[in-house]
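Step one of this worksheet: look at the structure below.
Readers should treat all values here as calculations from the given coordinates under stated rules, not as data from a laboratory. Owing to the predicted nature of the structure, the values given are computational and were not obtained by experimental measurement. Heads up, the Cβs are rebuilt from the backbone with ideal geometry, glycines too, and the neighbour counts pull from every protein chain shown.
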């Protein structure tokens with residue numbers, strides 16, 4: 001039996017989830033407050049526990065699956081899989097570029113999607129890159145940041161990995177706009193979700209291996225790398241770093257974004273994530 005008024009019910013559930021998250025984060029902030037609390041990371045005790053949880057899940061599920069996938073699937077096929085999922089992201093990136101009034105970026109993202117879908121066998125081949133059509137990855141968290149919504153504190157999400165409070169609240173919009181959600185059939189849809197997660201993890205095997213060997217404090221390194229990358233993506237050299245909207249990593253707070261400096265960006269994500 002279907003409900004007569006599904007939209008209010010769904011909206012109420014989402015509002016309840018947001019309220020619960022806000023209350024939980026408020027409690028965490030109170031627990032983490034003190035003279036030694038990091039203003040960029042007031043939830044650090046919670047975040048460190050969540051990193052431990054994510055690493056445990058990764059060690060027993062994602063990493064073994066990624067290694068098996070890399071060993072069993074030929075590189076050419078893995079490249080096609082990565083191209084396919086990247087092509088699906090290009091469409092949502094184009095929408096977010098439009099919402100940010102980045103019309104040139106939006107045109108290139110949408111053109112990439114059309115070219116690769118039509119001439120690249122549904123996105124398995126990256127013809128657009130061969131034509132020098134640039135990819136501009138955007139998400140709804142970046143769109144909110146573009147229009148002045150503060151990032152808020154750093155937040156480590158279960159399974160999805162490094163984030164901020166703003167990006168965490170934007171995540172349901174990104175998930176809702178995910179083209180995989182339109183795939184008919186529960187089995188087919190979730191098979192694609194799992195394949196995308198394993199493919200993403202396989203692409204990060206070398207990065208996480210280097211991180212584990214080089215970082216003295218993996219948590220701090222992951223946090224600073226993520227904040228640097230997101231700050232560079234959103235500021236794009238146009239806004240002063242002193243306005244506090246985007247938290248700067250260590251050593252970046254005093255450097256204005258307008259001086260042409262862009263913080264070093266890690267290779268994709270420094271830890272298994274979203």
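What is the distance in Å between the Cα centroid of the stretch 100-127 and that of the stretch 159-203?
A separation of 20 Å, based on Cα centres.
So if the hydrodynamic radius of the stretch 141-205 is defined as the Kirkwood radius over C-alpha pairs, what does Stokes-Einstein give as its diffusion coefficient at 37 °C and 0.692 mPa s, in µm² per second?
For these conditions, the coefficient is 242 µm²/s.
Ranked by Cβ crowding within 10 angstrom, fewest neighbours first, how are 99, 155, 144 ordered?
The order, fewest Cβ neighbours first, is 99, 144, 155.
Grab the Cα-Cα distance for residue 130 and residue 72, subtract it from 0.36 nm times how many residues apart they are, and report the gain in nm with one decimal.
Difference between extended and current length: 18.1 nm.
Which order results if 200, 164 are arranged by neighbouring Cβ count within 10 Å, fewest first?
Lowest to highest Cβ neighbour count: 200, 164.
Label-point separation (nm) for residue 191 and residue 205, each offset 7 Å from Cα along Cα-to-Cβ?
Label at residue 191, label at residue 205, 2.3 nm between them.
Between residue 184 and residue 118, with labels modelled 7 Å along Cα→Cβ, what's the label distance in nm to one decimal, could you check?
Inter-label distance under the simple model: 2.5 nm.
When the Kirkwood hydrodynamic radius is evaluated over all pairs of different C-alpha atoms of the stretch 40-259, what value in angstrom, to one decimal, is obtained?
18.9 Å
Starting from the Cα of residue 137, step 7 Å along the direction of its Cβ; do the same at residue 38; then give the gap between the two resulting points in nm.
2.2 nm
Rounded, prolate or oblate for the stretch 48-107? Axes are the square roots of the Cα gyration tensor eigenvalues, ordered a ≥ b ≥ c, and the cut-off for rounded is a/c under 1.5.
Because a/c hits 1.5 or more and a/b fails to exceed b/c, the stretch 48-107 counts as oblate.
Ranking 193, 69 by Cβ neighbours within 10 Å, fewest first, what do you get?
Going from sparsest to densest Cβ surroundings: 193, 69.
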